[in-house]
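One structure is given here, and the rest of the page talks about it.
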Protein chains: 2
Amino acid sequence: MARRKNTKLPEQKPAFLFDLDGTLVDSVYQHVLAWGEALHEMGIELSTWRIHRRVGMSDGVILNALQRETGRKLHKDELEKLKQLHTAAFARQVEHVRPLRGARELLAELSDLSVPWAIATSGTAKGSKKMLEILGLDSHTKLVTSEDVAHGKPFPDLFLAGAKLLKADISNCIVVGDSVWDLLASRRAHALGVGLLCGGYGMDELEQAGAYRVYEDPDELIRHVDELGVEADV
Amino acid sequence: MARRKNTKLPEQKPAFLFDLDGTLVDSVYQHVLAWGEALHEMGIELSTWRIHRRVGMSDGVILNALQRETGRKLHKDELEKLKQLHTAAFARQVEHVRPLRGARELLAELSDLSVPWAIATSGTAKGSKKMLEILGLDSHTKLVTSEDVAHGKPFPDLFLAGAKLLKADISNCIVVGDSVWDLLASRRAHALGVGLLCGGYGMDELEQAGAYRVYEDPDELIRHVDELGVEADV
């Protein structure tokens, strides 16, 4: 059968929406221990692995989950104090945070290929600025943070706002994240979710949360970008 | 059919062999970041999640694996330096290490039930002493460390030595650990392996490595100890 060209289908070029911590920067373990320290200072003991499985949610949602797991209800001012303690504890560790393998190269390659991308993080604008510096990205980077939306992950708001910022159809967007909360938010936004192991989750957890593919880290993703419908050999 | 009693089968009472870090004490994440700091000081960058998946091996094996993953061969004196840097970095974090939920209670309950137990760790005698203190255990605790055997996990030596210390048949021993290295060593020793999620591995990783059961932490294990052939209501 002859192949018909120029069939006037609308162009379906993919766009990428990246999570930040654990996906582009190697900061998850520092965040986990910073939450542990903050909780301990407030007299709350919670095992580190349980905190690990909550990181990546917005601060508000993480605190609700932690309250449920510890069985202790915190007042609004205590929650504010907890967030401040976490920020301070993380700041003491931030010197050890570095880009994940291939993160800078992946973003540069997408830009070279004219594939639109943005970062959508549950973190704050201030915290994200430091992470962008670590990645060698400037202030023109398309970025959506918790301050830009009503609900953080696992709500879909951050990725919907990211797609809007790129003027992309969310159903053409590929969400890349290391946590199940990225993947749940991606499903709710009707984007295609891709998981990365570099945040420390197991492969089954990411697959069960709806990841279409799971790669080790941004470096492995670059080498398989054709599996995501990106023409790498332009 | 009438049930025959006193059939003179040899008594098959189970004994427990516990891993220490990530199984009884909540120290995995601190160890992970301490290895990261040590490697960085030696000019070696390795993603934190990759270190996480190696912790629980003996230092010697971990260093071989890290060398393979970084592609850099270290000399013997460099390896010694790396171990020292890790020990120093971990010591700076040790104040944040606490028992895992239910760990003290589990050990106390086994003692009350006259079920023999020992700890078999890839760590050093000196490092383990501090962890025993955190658990409120005294120097009479039955303990096997890396100094007692030729090969650490995933070799079976530590668990075989633990069984010998308890004068137990290894095939009646239940090995409890948080890492795939515990479970591989357990299989090689022909013990029954039980996994715990509290070291931060995913459930599938532990099951695929041969865990007969996976529990969240020592607290959940206590509540299901009958599933392991221990008569809890004595």
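The values are calculated or read from the model by the stated rules, or taken from the named source; none is laboratory data. Note that the coordinates shown come from a computational prediction; the quantities given were computed from them, not determined experimentally. Neighbour counts run over all protein chains shown; Cβ positions are idealised from the backbone, glycine included. When the accessible area is computed, the model is the full protein with side chains, heavy atoms only, and any ligands, DNA or RNA have been set aside. Shrake-Rupley method; radii C 1.70, N 1.55, O 1.52, S 1.80 Å.
What full-extension length gain, to one decimal in nm, is calculated for B:Ala125 and B:Glu105 as 0.36 nm per residue of separation minus the Cα-Cα distance?
4.9 nm
Between B:Lys73 and B:Met203, the distance separating the two model label sites (each 7 Å from Cα on the Cα→Cβ line) works out to 4.4 nm.
Each 5 Å bin from 0 upward holds the following percent of the Cα-Cα pairs of region A:16-66: 4, 20, 30, 26, 12, 5, 2, 1, 0. Secondary-structure-derived ellipticity at 222 nm for the protein assembly as shown, considering helices only, amounts to -12500 deg cm²/dmol, per-run term -39500 (n - 2.57) for DSSP H runs with n ≥ 4.
Given a 1.4 Å probe and the protein chains as shown, A:Tyr212 ends up with an accessible area of around 100 Å².
Between the residues B:Ile134, B:Leu85, B:Thr121, the greatest Cα displacement towards the positive end of the dipole of region B:76-143, with unit charges on the Cβ of Lys, Arg, Asp and Glu, is found for B:Leu85.
Looking at the protein assembly as shown, the pairs of alpha carbons with a distance over 31 Å make up 46% of the total. Here region A:67-210 is treated with +1 on each Lys and Arg Cβ and -1 on each Asp and Glu Cβ, and its dipole about the Cα centre works out to around 480 debye. Would you mind checking B:Lys81/B:Lys142; B:Lys129/B:Lys164; B:Lys83/B:Lys130; A:Lys83/A:Lys126; A:Lys13/A:Lys167; B:Lys83/B:Lys153 for any pair whose Cα atoms are more than 19 angstrom apart? Too far apart for the 19 Å limit: B:Lys81/B:Lys142; B:Lys129/B:Lys164. Along the axis of the charge dipole computed for the protein assembly as shown (Cβ charges of +1 for Lys and Arg, -1 for Asp and Glu, origin at the Cα centre), the listed residues B:Gly177, B:Ala189, A:Val61 are led at the positive end by B:Ala189.
Working note: Debye formula, equal point scatterers on the alpha-carbon atoms of region A:13-164, no solvent; log10 I(q)/I(0) at q = 0.15, 0.20 Å⁻¹ is -0.78, -1.28. Entry comment: accessible area of chain B is 48 Å² per residue, from protein heavy atoms only and a probe of 1.4 Å. Cα centroids of region B:43-88 and region A:201-234: 27 Å apart. Does region A:117-231 come out rounded, prolate or oblate by the C-alpha gyration tensor, with a ≥ b ≥ c the root eigenvalues, rounded set by a/c under 1.5 and, if not, prolate when a/b is larger than b/c and oblate if not? Rounded. Longest stretch of chain A clear of exposed loop sites (GluC sites (Glu not before Pro), DSSP loop, at most 13 other Cβ atoms within 10 Å, sites excluded): A:46-230. Relative to its Kirkwood radius, the Cα radius of gyration of region B:169-234 gives an Rg/Rh of 0.97.
Accessible surface of B:Phe155, taken over heavy atoms with a 1.4 Å probe and every protein chain present, rounds to 70 Å².
Distances between placed amide hydrogens fall under 5 Å for A:Val214 paired with A:Gly195, all partners being 5 or more residues away or on another chain.
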